[in-house]
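Novice: Provided herewith is a single structure, encoded as structure tokens, for subsequent inquiry.
Just so it is clear, none of the values below were taken in a lab; they were calculated from the coordinates. Predicted model only: the values in this text are computed from it and were never measured. Don't worry about glycine lacking a Cβ; one is built from the backbone with ideal geometry, like all the others, and counts go over all protein chains shown.
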């Protein structure tokens, strides 16, 4: 099936049906077998969404009036064509011809002339359009205004860098399973396949690939020698300060990167992982099986402690809360469209409830690591400040991470710094 057709249909589901890319992209990829075709679908889909707020400005400039929702696929194929014209070196004639051909595949011959005229005009008036793009921050930085405003207010010296990093292709980090091999040995295995990688000074199990590759191309991936996990997320296990014999809770655990990392320490631990989504729990199970480690899995909302907690206190709790995910936009560009400013109040309320509820299950002398992949203080330092003011037996334990900014209530990592994602950590002692 035509890759451009599948990409347009996928983008349409995100923009017009508010479905997540992680949900709809695998459906499109399942329809093709060729590696190059799958790669093309991913590239077109991710980048049409990554640059949506810019490309949509261009489209509005080119069209006399927006297309009707029933022709959302034509809107999406135009966005894909405009992405290629403004952000790739592909020959312009090929972009126009292939985009126009979509109308035939979609059985909308009436759209051929519209697509052809719009794209050719965009080529002719490219410099004029670039001036239009620069007039508004939303189109210049390809983010919704509310995200730009939040970042501008909270990080006045960094907001532009954050936005630019969000629009870059994400790096590929590996976490080497120390129960299977050493990081140095795995680096050699990668080199044997001509995959260059780089060690990390702070994270002994981390490798940064020079160029991303498919997981099935990674040496012994199916045997659990490594996992894909950004370096920012790999700090969690290190910060938890785990010791033999500890009872550990990983709340909101799926898809299980941090659960598995905890188990890869090789320590004698009792690990309980909770996830309220049955579908996401299946991903967690698959990861555990591939890595040949085990944990007690519970499908439930972590806040419902009366349903799952056996009243045995935990030595350590990892609380990676649901959040705006604004620190990982480069990996999930659909966040720009799916996340709304109106979501923030509910997210903050959920984060507060989870922290307050799970605190009850922590031993005196125990530690709780609070983490998000958010760039917003409402979900990060303000949550910790609120909690410390309302829990007499809670104290903030100082932590340091290279390139991280100490907010006074935890450490904020920024997208792109040391090639990491945006992340927040705060360690609380009881």
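Novice: Relative to the longest principal Cα axis of the chain, at what angle does helix 381-390 sit, 0 to 90 degrees, rounded to 10?
Specialist: 30 degrees
Novice: For the pair residue 40 and residue 342, how long in nm is the line joining their label points, each one 7 Å along Cα→Cβ?
Specialist: The answer from the label model is 4.0 nm.
Novice: Evaluated at 37 °C with a viscosity of 0.692 mPa s, what Stokes-Einstein diffusion coefficient in µm²/s does the chain have when Rh comes from the Kirkwood expression over alpha-carbon pairs? Numbers along the way, then the final one.
Specialist: Working: Rh = 23.3 Å.
Estimated via Stokes-Einstein, D reaches 141 µm²/s.
Novice: Among 183, 45, rank each residue by its count of other Cβ atoms within 10 Å, from fewest to most, as a rough exposure measure.
Specialist: On the way: 183 20, 45 29.
Placing the least packed residue first, the sequence is 183, 45.
Novice: If you don't mind, another one. How far apart, in nanometres, would the label points at residue 193 and residue 67 be if each is projected 7 angstrom from Cα along the Cα-to-Cβ direction?
Specialist: So the label points at residue 193 and residue 67 sit 3.9 nm apart.
Novice: Another one. By its C-alpha gyration tensor, with a ≥ b ≥ c as the square roots of the eigenvalues, how is segment 97-221 shaped: rounded for a/c under 1.5, else prolate for a/b larger than b/c, else oblate? Walk me through the numbers before you get to the answer.
Specialist: Details: a/c = 3.45, a/b = 1.58, b/c = 2.18.
Verdict is oblate for segment 97-221.
Novice: Compute the helix-to-body angle for 278-291: its Cα long axis versus the longest principal axis of the chain, expressed 0 to 90° and rounded to tens.
Specialist: Tilt relative to the chain: about 70 degrees.
Novice: How much length is gained if the chain between residue 217 and residue 110 is pulled fully straight, taking 0.36 nm per residue apart and subtracting their Cα-Cα distance, in nm to one decimal? Spell out each step's value before the answer.
Specialist: Details: separation 107, 0.36 × 107 = 38.52 nm, distance 4.32 nm.
That works out to 34.2 nm of additional length.
Novice: Now for a different question. Along the Cα→Cβ direction, 7 angstrom out, place labels at residue 93 and residue 282. What is the inter-label distance in nm?
Specialist: Each label point lies 7 Å from its Cα, and together they span 4.8 nm.
Novice: Using Cβ contacts closer than 10 Å as the measure, can you line up 334, 320, 71 from fewest to most? Let's see the in-between values first.
Specialist: On the way: 334 26, 320 22, 71 16.
The order, fewest Cβ neighbours first, is 71, 320, 334.
Novice: Compute the distance from the alpha-carbon center of segment 125-154 to that of segment 74-96, in whole Å.
Specialist: 20 Å
Novice: On a C-alpha basis, how far is the centre of segment 165-206 from the centre of segment 19-56 in Å? Whole number, if you could?
Specialist: Segment 165-206 and segment 19-56 have Cα centres separated by 25 Å.
Novice: In addition: Where a ≥ b ≥ c are the square roots of the eigenvalues of the C-alpha gyration tensor, would you call segment 1-160 rounded, which needs a/c under 1.5, or, failing that, prolate if a/b is larger than b/c, or oblate?
Specialist: Numbers: a/c = 1.78, a/b = 1.27, b/c = 1.40.
It comes out oblate by the Cα gyration axes.
Novice: Given a Förster distance of 45 Å, report the FRET efficiency between residue 353 and residue 120 from their Cβ-Cβ distance, rounded to the nearest 0.05.
Specialist: Details: r = 54 Å, r/R0 = 1.21.
Efficiency computed from Cβ-Cβ geometry: 0.25.
Novice: Next up: How tilted is helix 231-240 with respect to the longest principal axis of the chain? Cα atoms for both, answer in degrees (0 to 90, nearest 10).
Specialist: Orientation of helix 231-240: about 10 degrees from the principal axis.
Novice: Another question, if that's okay. What FRET efficiency would be calculated for the residue pair residue 267, residue 300, taking the C-beta separation as r and a Förster radius of 25 Å, to the nearest 0.05? It would help to have the intermediate numbers written out before the result.
Specialist: Numbers: r = 25 Å, r/R0 = 1.02.
Calculated value: 0.45.
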